[in-house]
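The values are calculated or read from the model by the stated rules, or taken from the named source; none is laboratory data. These numbers were taken from a predicted model, which means no experiment stands behind them. Every residue, glycine as well, gets a Cβ built from its backbone with ideal geometry; the counts of neighbours run over all protein chains shown.
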């Protein structure tokens, strides 16, 4: 029927990098939608013809071109026809390393130097069409978070183009759902800090996440923060969170825990008294704008408000420890409490020279929760206590059990 089928994009790229291939995408040249339907494919694409293979259910897209029709990432018109070539399709893709194709015999089709850039470890745009879609700024930042551990960098000319796109206001057209979608995926990459560093490098961070951008250039006490810069500290914390947990919500909370330091009046630097309260307000502001899932927002708010309590756990009153456990809802939600402790551990270790420092506060707080839970509320009720009297007795006994736990006195070196 004159149809030609090519494997394209990420599957080809990762095959050449000797990385696991998760998803395979295909482009069909020389076919019409009706021909695909006649072969048993199921059409699923709305903007342009995309079909599911009858057996594998993998996506097969007809070769297409696209034309910019309006500002923003949604302002495109797509055209698909049998006479559109593979090269016509590939030139509209974002990066040279994604504009690769493989035919049925395993031959690589590489019209734009993707294999060269794989060897050079460069993330480089294919053509000036890159500048028409602001989502590509987020995508290249996400690819940087994925491939930076392999030594990849963003090509200078691509950074310059990204800066021009920001200056032209393209990123201002991005809707919150798309910003969050790309951010969430970036948080799951191996080195998520590079997503935010790439955005900052082209000026997009100040437009999309001004609360995070404001942290850079703000000093902290060198005694506890040899890296000094709060933005640098935040990136180190995110790296540590990535070491400790694969959960994107833990990494998100670690990223936002210190936002309040970005609004400390300069005359108070390098101290940041009361930054926890300001952090809570800024986390609420950011989440209202970006709209992450509820569990992301809740954990981020708790980490912003109570991370200093965790760091000072050995210094707190027994009653304050119990109040903190209750505020964290640790008795009913122990898994979220564990996520909170991971964020606090990442905060402590996210400092130059402190990367492998023990964090005994976490085990101490776990032990506090354990002994407090051993106080039997049901036994107290069976003994005739009820109402406020039951609550007061339960609280007093829980505080007493916490009071009998040994404490470590080296908390001063743990401050973050």
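What to note about this one:
- In the stretch 98-110, the qualifying residues are those that are more than 30 Å from residue 175 (Cα to Cα) and surrounded by 16 or more Cβ atoms within 10 Å (Cβ to Cβ), and the one that is farthest from the chain's Cα centre (by Cα) is 109.
- Qualifying residue in the stretch 331-340 (condition: modelled with pLDDT of 95 or more and within 15 Å of residue 258 (Cα to Cα)): yes
- Within the option set 93, 13, being under 26 Å from residue 123 (Cα atoms), at pLDDT 85 or above and not in a helix (DSSP H, G or I) holds for one residue only, 93.
- The condition (being assigned to a helix (DSSP H, G or I), modelled with pLDDT of 95 or more, out of contact with any strand residue (DSSP E or B) (no Cβ under 9 Å at 6 or more places or on another chain) and under 15 Å from residue 307 (Cα atoms)) is satisfied by just one residue among 343, 368: 343.
- All conditions in (1) within 29 Å of residue 249 (Cβ to Cβ); (2) assigned to a helix (DSSP H, G or I) hold for residue 401, with the sole exception of (1).
- The condition (being more than 20 Å from residue 291 (Cα to Cα) and touching a residue at least 24 places away in the same chain (Cβ under 8 Å)) is satisfied by just one residue among 192, 221: 221.
Per-residue answers, yes or no, for (1) farther than 19 Å from residue 150 by Cβ; (2) modelled with pLDDT of 95 or more; (3) assigned to a strand (DSSP E or B):
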site	(1), (2), (3)
23	yes, no, no
27	yes, yes, yes
34	yes, no, no
37	yes, no, no
56	yes, no, no
104	yes, no, no
118	no, yes, no
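- Leading residue by the ranking (surrounded by the fewest Cβ atoms within 10 Å (Cβ to Cβ)) among those in the stretch 17-58 that are within 26 Å of the chain's Cα centre (by Cα) and closer than 21 Å to residue 109 by Cβ: 18
- So residue 186, is it at pLDDT 95 or above and not assigned by TED's automatic domain parsing to the domain that holds residue 350: yes
- The single residue among 369, 385 that is farther than 30 Å from residue 226 by Cβ and within 39 Å of the chain's Cα centre (by Cα) turns out to be 369.
- Residue in the stretch 390-408 that is within 25 Å of the chain's Cα centre (by Cα) and in contact (Cβ under 8 Å) with a residue 60 or more places away in the chain present: no
- Of note, residue 129 satisfies the criterion of being more than 20 Å from the chain's Cα centre (by Cα), outside the structural domain of residue 217 (by TED's automatic domain parsing) and not in a loop (DSSP other than H, G, I, E, B).
- Lone qualifier among 267, 276 - being in a helix (DSSP H, G or I), free of Cβ contacts under 8 Å to residues at least 12 places away in the same chain, farther than 20 Å from residue 189 by Cβ and assigned by TED's automatic domain parsing to the domain that holds residue 360: 267
- Residues satisfying the criterion are absent from the stretch 302-312 (criterion: surrounded by fewer than 24 Cβ atoms within 10 Å (Cβ to Cβ), over 22 Å from residue 278 (Cβ atoms) and in contact with a helix residue (DSSP H, G or I) (Cβ under 6 Å, 6 or more places away or on another chain)).
- Matching entry among 299, 282 (being over 22 Å from residue 349 (Cα atoms) and assigned to a helix (DSSP H, G or I)): 282
- The one condition in (1) more than 27 Å from residue 351 (Cα to Cα); (2) surrounded by fewer than 16 Cβ atoms within 10 Å (Cβ to Cβ) that residue 166 fails to fulfil: (2)
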